[in-house]
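Have a look at the structure below before the remarks.
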Amino acid sequence: MTSRWTRRGMWAGLITSALLFWASDTLAAEKLIWLVRDLPPLTMHEGPQKGQGIIDQLLPVLIANMPQYQHVIMRVNRARSMQILEGSQLSCDPMLVWTPDRALRIAYSNPIIGLHSNGLVIRRKDEPMIAPFVHGKSIDLQAMLNSQSVKLGLVAKRSYGTWIDAQLSHGPASQFFIHYGNDALGSLLQMQQAGRLQSLLGYWPEIQAKAKQHGVSSTALVFYPIQGAPPYQPIYVGCSKTPQGQQVISSINTVLGNLAHTPQAPSQTDWIEPGQTAEEQVPDAPAP
């Protein structure tokens, strides 16, 4: 008869073998780095809605449906994300704007979602400064920059959409304050409150959330769409433009395609603009 200690030894051997098999399988899997940062409404790293962003909810779904990779989540700023994406490591950024220049070096998924486009934010008390450039409810960004009367805060290496990027590329460099920090937008908001710059660019829900984190009342801020810019900005997953990265994109597109036929995990209802009905919320993002 097999003794109790022998049986224990057998179970220990089986468990050890299983763990070794799991470990070897994990080690054999290629590492895939996910590059994320705090960018409401896509990701929420702070506050009462922490973890409830659209990408916060979508990323675990992508990871669960791609078991062939060893997934690593890395929090980085925009500038660092671009540096890694264009390097030799297999990496993906799940909240990327498409631009022709980036597409030369980054592989893009099908669009995930469309957000209301970036716009200009200014303190309510400073509105007279931009009044000459406001037409209807939008602002002529190029005219404002050419006037060299309003300093504009930007996040380093960030795309604000091809239309807005083009306007910025023709603006005087002296009018920009470019921030490279890990909380670049939060720092720009604080600089704005201190009067060191007058305006900045961003998504309105993003700015509202950042303002709350830094003790700035969003009611003291005013958001202006950029004249001529499309109303919505498609968001994509972008991965290293290598054969391995292209394979990841293929897997991501398969998962996104399957999700299109099921109730979406990420909720968009919390991000309807003030005064906007559910029927007017963000539509499906067009391809670039």
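Numbers for the structure displayed
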| read-out | value |
| --- | --- |
| Residue among 77, 110 that alone is among the polar types (S, T, N, Q), surrounded by 14 or more Cβ atoms within 10 Å (Cβ to Cβ) and farther than 17 Å from residue 236 by Cβ | 77 |
| Failed condition for residue 95, given (1) in the same structural domain as residue 253 (by TED's automatic domain parsing); (2) without any contact (Cβ under 8 Å) to a residue 60 or more places away in the chain | (2) |
| Qualifying position, being of a type in the set (Gly, Ala, Ser), outside the structural domain of residue 36 (by TED's automatic domain parsing), farther than 27 Å from residue 162 by Cβ and at pLDDT 90 or above, among 220, 278 | 220 |
| Conditions (1) touching a residue at least 24 places away in the same chain (Cβ under 8 Å); (2) surrounded by 19 or more Cβ atoms within 10 Å (Cβ to Cβ); number of the one not met by residue 211 | (1) |
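Listed here are the residues, each with its yes/no results for (1) within 27 Å of residue 181 (Cβ to Cβ); (2) β-branched (Val, Ile, Thr); (3) not in a strand (DSSP E or B).
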{"residue": "56", "(1), (2), (3)": "yes, no, yes"}
{"residue": "59", "(1), (2), (3)": "yes, no, yes"}
{"residue": "62", "(1), (2), (3)": "no, no, yes"}
{"residue": "74", "(1), (2), (3)": "yes, no, no"}
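The values are calculated or read from the model by the stated rules, or taken from the named source; none is laboratory data. Here the structure is a predicted model, which means the values were calculated and not measured. For neighbour counting, all protein chains shown are included, and Cβ atoms are generated from backbone atoms with ideal geometry for every residue, glycine included.
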